[in-house]
Structure formats: C-alpha cells, structure tokens
Amino acid sequence: MKNKLIARFQRWFIGALAVGALVYLGGTIWAGFDEVHAALARFDWRYLAPLAGLTLVNYGLRFAKWRYFLGRLGVHMPLREDLWTFLAGLSMAISPGKAGELLKPYVVRERTGAPMATTIPALISERLTDGIAMLIIAAFGVTTYAADQLGLLVALGVGVAVGLVVVSNAKLTLGVIGVMERVPLLARLTPRLRMMAEATHVCLAPTPLLLSVSLSIVAWLAECIAYWQTFSGFGVEVSPEASIYIYASSTILGAPSPGGLGVTDGAMTVGAMTILGVERGVALPAALIARTVTLWMGVGMGAIALLRVSAMLGGDIDLDRPAPPAPGAVE
C-alpha cells in the first residue's frame, strides 16, 4: 500500500532542502567563500551538543503542552505513541501551508477514535500559544533594537488579542454556528464546527491559556538562547538580549513560509549584522548552524518518527482519508 503522506514528505523534503541549499549558496557568494570558510573553520563544534540540548528542551516543553491540551479535551493517547506522533509532527514544519501538521490529530483519531473536530483545536491552540509567546519575547526588544517595527508588532498583537476574544467567547461563536444551521448549504458543517468551538473554548480558557503561553515562552527562550550561544562557538561575544530579539522576530517573520525557509535565515543574518554588529562572514554561518539545530534536526527526528508512526498505523498515512463510520461519530 502506498503511503501517501510519506510520499508527499519526500517531495517536500527535497524541495525544502533545495531551497535551503540555494539560500545559503547565494548567501555564501554574497558573504564571500573565504570569509565563510574561515568562520566555519574556527567554529568550536563542541557547542553543537548544548545547542541541540536547548532545542530538545523546546521540543520537550511543547510536547508537554500538546499532551496537556489532549488531557483537557479528555483524549487519552498512550504516552509512547503520543511522543512518536509529536516527533513525527516536527517533520511537517516544511509542508506547504503547514497542512501536514494535521498529522497529529489524524493519528490521534486513528489510535483513539477521537474525532479530528475535537483535536484540531488542540493543534491550533498549540501553534497559537507558540505565536503569542514569540510575540511576547520579541516585544521586550522591539523598542530597543527595531523601534520602526513597533507598529507591526502592535498590529500583530492586537490581531491575536481580538482573535482570542472571539474564539474564546462561547456565546458568540455558538451563536454564529446557530445562524449557520439555518442555511441549507452550511447546515451540514455545523456539527463539526460546534465540536471545534467547544474544544477551542476548553483549550483557551484563561487558566490553560496562561499555563500554555508560559510553557511556550520558556520553550522558545531555550531556542533563542541556543542562537545566542552559536556566536560563542565562533569566539564572538554578542548581546544576549539582542540575540533573543533577533531570533524571535526572525521566526515570526518566517512563520508564513514552510519552515521559514529563506525568510527566517535572511532575517537572522541581516539582524546579526545590523543589530549585533557581526561581520557577514560570521552572521551567515551562525544562522546556518542555528537553523540546522533548531529546524533541520527536528525535521530529521520527525522523518524517523514518521516511519515509526506509519508502522504503528499499519503502513499507510492518508490525511485525506475520512474516519471510519461509527455510530454517533461526527467525522
């Protein structure tokens, strides 16, 4: 049986790798082959272990948050299977439009029977709280390091706040769904929408929202610190506060693109040069090493986990496949 998701992942991976290679090839030409080679030659590769460790802290806290959301929804996934599923989800960061991240709700449905309409809000809440955390981290440095970008950050913050108010207002969302039920073409969608709305209210209630955002802040600070420490590997001392701002803001800028390819890498390189005052021959390889540890390590771990999840599900993962019919199921 052909595994549709693994076949797609192979195409996504080849495409992402090609884009990444072209970005850094172009960057190396721009920065100068000799300068980049000299910087990499003096990098202390013993730093890779602590950098990877900080990234694993990020993954561990985010897994705890994902599991917390499932628990809030009353979905009980075996710990080991859930860990494999979460790790497999890391490989989906390079999927177009992040559509592949539906893998996690899909696997939970296949293993527990929980409708995706119930668990997709857990995925949305997980990613939303990550975004809120990064906005908060970036906000602490924007007035110091990029005052001209304050308006954009405020606009994003207001948009997120308004969205939270809307989705967390049960009376409002259920009222809108009630109106949709009276429209023949939309009525068939409303049972799923009602389930999603109710699950979202559970995940984004004040207490779980505060807890999950706090976990996300610590998780993403770990990766920000990893970026800062990358420069220590080159023997270059830079501001930790500025490094944290650069990593957070670059990640936000790259969020719309698969894995932030090109956008995040470029923003980190330019930020290191303009804010940290680092020469381009170091700024570029620092971004390369940081992204290798924070993005590509996760994609690699996820690829291995994807094979394990595929075996767990009997050899096939097809995100387009509907749930098997069951009495009372809404899928």
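The values are calculated or read from the model by the stated rules, or taken from the named source; none is laboratory data. Nothing here was measured: the structure is a model prediction, and the numbers come from that model. Reconstructed Cβ throughout: ideal geometry from the backbone, glycine too, with neighbour counts over all protein chains shown.
So Thr55 ticks every box in (1) more than 30 Å from Gln229 (Cβ to Cβ); (2) touching a Gly at 6+ places or on another chain (Cβ under 8 Å) but one. Which box is left unticked? Of everything listed in (1) more than 30 Å from Gln229 (Cβ to Cβ); (2) touching a Gly at 6+ places or on another chain (Cβ under 8 Å), Thr55 misses just condition (1).
The numbered conditions (1) of a type outside the set (Val, Ile, Thr); (2) surrounded by 20 or more Cβ atoms within 10 Å (Cβ to Cβ); (3) under 18 Å from Met312 (Cα atoms) are all true for Pro121 except (3). A Cβ distance below 9 Å, combined with a sequence gap of six or more or placement on separate chains, defines the contacts here; from segment 48-67, residues that are without any contact (Cβ under 8 Å) to a residue 12 or more places away in the chain reach no residue that is among the polar types (S, T, N, Q).
Taking segment 188-233 as the range and being under 30 Å from Thr292 (Cα atoms) and of a type in the set (Val, Ile, Thr) as the test, the residues that pass are Val213, Ile217, Val218, Ile225, Thr230.
Restricting the first member to segment 236-259 and to residues that are in contact (Cβ under 8 Å) with a residue 12 or more places away in the chain and crowded, with 20+ Cβ neighbours inside 10 Å, and the second to residues that are outside any helix (DSSP H, G or I) and among the polar types (S, T, N, Q), the beta-carbon pairs closer than 8 Å and six or more apart or on different chains are Pro258/Ser95. For segment 8-33, filtering for residues that are in contact (Cβ under 8 Å) with a residue 24 or more places away in the chain and more than 30 Å from Asp318 (Cβ to Cβ) leaves 7. All of (1) more than 21 Å from the chain's Cα centre (by Cα); (2) under 30 Å from Arg321 (Cβ atoms); (3) surrounded by fewer than 22 Cβ atoms within 10 Å (Cβ to Cβ); (4) not β-branched (Val, Ile, Thr) hold for Gly131 with one exception: (1). Could you list, in sequence order, the residues of segment 1-41 that are among the basic types (Lys, Arg) and either under 21 Å from the mean Cα position of the chain (by Cα) or surrounded by 11 or more Cβ atoms within 10 Å (Cβ to Cβ) (or both)? Within segment 1-41, Lys4, Arg8, Arg11 qualify. For Leu150, the conditions (1) in contact with a helix residue (DSSP H, G or I) (Cβ under 6 Å, 6 or more places away or on another chain); (2) modelled with pLDDT of 95 or more are fulfilled apart from (2).
With respect to (1) under 25 Å from Leu319 (Cβ atoms); (2) assigned to a helix (DSSP H, G or I), the lone exception for His76 is condition (2). For segment 94-108, filtered to residues that are in contact with a Pro (Cβ under 7 Å, 6 or more places away or on another chain) and either surrounded by fewer than 23 Cβ atoms within 10 Å (Cβ to Cβ) or not in a helix (DSSP H, G or I) (or both), the residue that is modelled with the lowest pLDDT is Pro96. Among the residues of segment 290-303, is there at least one that is in a helix (DSSP H, G or I), out of contact with any His (no Cβ under 9 Å at 6 or more places or on another chain) and closer than 18 Å to Trp30 by Cα? Checking segment 290-303: not a single residue is in a helix (DSSP H, G or I), out of contact with any His (no Cβ under 9 Å at 6 or more places or on another chain) and closer than 18 Å to Trp30 by Cα.
Of everything listed in (1) assigned to a helix (DSSP H, G or I); (2) without any contact (Cβ under 8 Å) to a residue 40 or more places away in the chain; (3) closer than 30 Å to Trp84 by Cα, the single unmet condition for Val270 is (3). Close contacts from segment 146-173, counting a first residue that is within 12 Å of Leu204 (Cα to Cα) and a second that is assigned to a helix (DSSP H, G or I) and modelled with pLDDT of 80 or more, with Cβ to Cβ under 6 Å and a gap of 6+ residues or different chains, come to Val167/Thr200; Ala170/His201.
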